[in-house]
Amino acid sequence: MRITDIRVRKILEMEACTRCGLCLSVCDSFGATGDESVAVMGMIKRRKRLSRRSLDIFSFLKPRGPEISEEIHNFMEGAYRCTLCGRCTQVCPVGIRTRDMVVYLREELVKKGNFPSNISAVLLALKTQHNIFNYPNEERVLWLDYMDDVPENIIKNRANTVYFVGCVSSFSPAAQDIPQALLKILIESGEDVTLLGGEEWCCGFPLIIAGFQNEAEELIRHNTDMVRKIGAKRVIFNCPSCFYTWSKYYDLNDVELLHETQFFAELLREGKISFKGLNRKITYHDPCDLGRGMGVFEEPRMVLKSIPDVDFIELSKNRESGFCCGGGGDVEIVDRSIVEKINFHLIEEIKKTGAQIVVSACPQCKRTTKSGIKTKGEKIVQMDISEIIVNYANIKR
């Protein structure tokens, strides 16, 4: 689709907004701040006000004074405090694709040079180190040092499967149990798998959602070339945001892309996973990019419900209506306090289920929720679904 077509479509969607306020009723950022400018309705209202001032519905007026500059600044502040969870899309009566709308509005702001200063540090880190943490990229596989029985040739020139680990799982200590667990499962199930090691670059997701899609192209080209060079037929992800980005923005139609939950469901169907009993109450938290973003709801539940003696309890809001953990949308880069407030709300909802274990399938959900549980002093255990399998199942080839 041409850029002008996208622009017209977004303008029409903005004009269709009825200001009914239903997006506010489900917006976790609004719940955390009480500021309607962080919700789609508020963003659209500010954007249309700027358009009226310019007398041109298709572009912003170039700032001509402090009043306009402040209006644009306030618009920017709201747009970058949305977690892009997509809950509001589910309730919009006129069908606005709200997540795409917010990314589009951010792109408009970026074109005018208006974006939070902290985003600049991420841009530099991704340009120089190819990861959002600004660590030397060759350290992506340091988590392997804490594993036993890893084949020496785990980074191979040719393989059927590439395990794309992602920045958070590679570098965040709170999430590094996830790649250790998933790699163990891949090896024990007989998958011909390789890691990209230092040649794995960020998938581009943080740039794309910040409004810098053009800057993400170099990352996308590099990762695509690496998969082609290895001759892989499938790429497996533990990170829903990486999975979402590769599915939406990468040109790899002949390569199968699988999230770990889909891979686990495949192993279960093939009889390669047999669970031990788990006499615990557990609940599952749908990651936004995996659930609403990619429509993967059944596979993780299929895996968890197959565990003997488990008492599986759904959160009050789940699947398409599931709560956000607070860690999405680059909000952590801009305003950490919103992340914490949203996550505390999720933890309260988890407590209502009486679950002893909350399972998710996202490294960002794990690190955010694990931190929130610790801060609040709760006794709930947070685990990725890969850790459930490693701890409570037998894997066979």
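The values are calculated or read from the model by the stated rules, or taken from the named source; none is laboratory data. Given the structure is predicted, the values throughout are model-derived calculations rather than measurements. All Cβ positions, even for glycine, are placed from backbone atoms using ideal geometry, and neighbour counts span all protein chains on display. For accessibility, only protein heavy atoms count, side chains too; no ligands or nucleic acids. Shrake-Rupley method; radii C 1.70, N 1.55, O 1.52, S 1.80 Å.
Taking every residue in region 190-208 that is at pLDDT 95 or above and pairing it with any residue that is among the small types (Gly, Ala, Ser) and not in a helix (DSSP H, G or I), at least 6 positions away or on another chain, the pairs with Cβ-Cβ distances below 7 Å are Asp192/Ala159; Val193/Ala159; Thr194/Ala159; Cys203/Gly166. So which residues in region 8-46 are in contact (Cβ under 8 Å) with a residue 60 or more places away in the chain, of a type outside the set (Val, Ile, Thr) and out of contact with any His (no Cβ under 8 Å at 6 or more places or on another chain)? Once the filter is applied, which keeps residues that are in contact (Cβ under 8 Å) with a residue 60 or more places away in the chain, of a type outside the set (Val, Ile, Thr) and out of contact with any His (no Cβ under 8 Å at 6 or more places or on another chain), region 8-46 yields Lys10, Glu13, Met14, Ala16, Cys17, Cys20, Leu22, Cys23, Ser25, Cys27, Ser29, Met43. Checking each residue in region 354-388 for being among the aliphatic types (A, V, I, L, M) and either on the phi > 0 side of the Ramachandran plot or more than 19 Å from the chain's Cα centre (by Cα) (or both) picks out Ala355, Ile357, Ile373, Ile380, Val381, Ile388. Within region 85-105, track down each residue that is assigned to a helix (DSSP H, G or I) and farther than 19 Å from Gln364 by Cβ. Across region 85-105, the qualifying residues are Cys88, Thr89, Gln90, Thr98, Asp100, Met101, Tyr104, Leu105. If you check every pair at least six apart or on different chains, which have Cβ atoms under 8 Å apart with a residue in region 172-186 that is closer than 23 Å to Pro136 by Cα first and a residue that is open to solvent by 10 Å² or more (accessible area, probe 1.4 Å) and polar (S, T, N, Q) second? Between residues of region 172-186 that are closer than 23 Å to Pro136 by Cα and residues that are open to solvent by 10 Å² or more (accessible area, probe 1.4 Å) and polar (S, T, N, Q), the close pairs are Ala174/Ser371; Ala175/Gln364. When residues in region 15-36 are screened for being surrounded by 13 or more Cβ atoms within 10 Å (Cβ to Cβ) and at pLDDT 90 or above, 15 of them pass. When Thr283, Thr261, Thr245, Thr224 are checked against the criterion of being of a type in the set (S, T, N, Q) and touching a Gly at 6+ places or on another chain (Cβ under 7 Å), Thr245 stands alone in meeting it.
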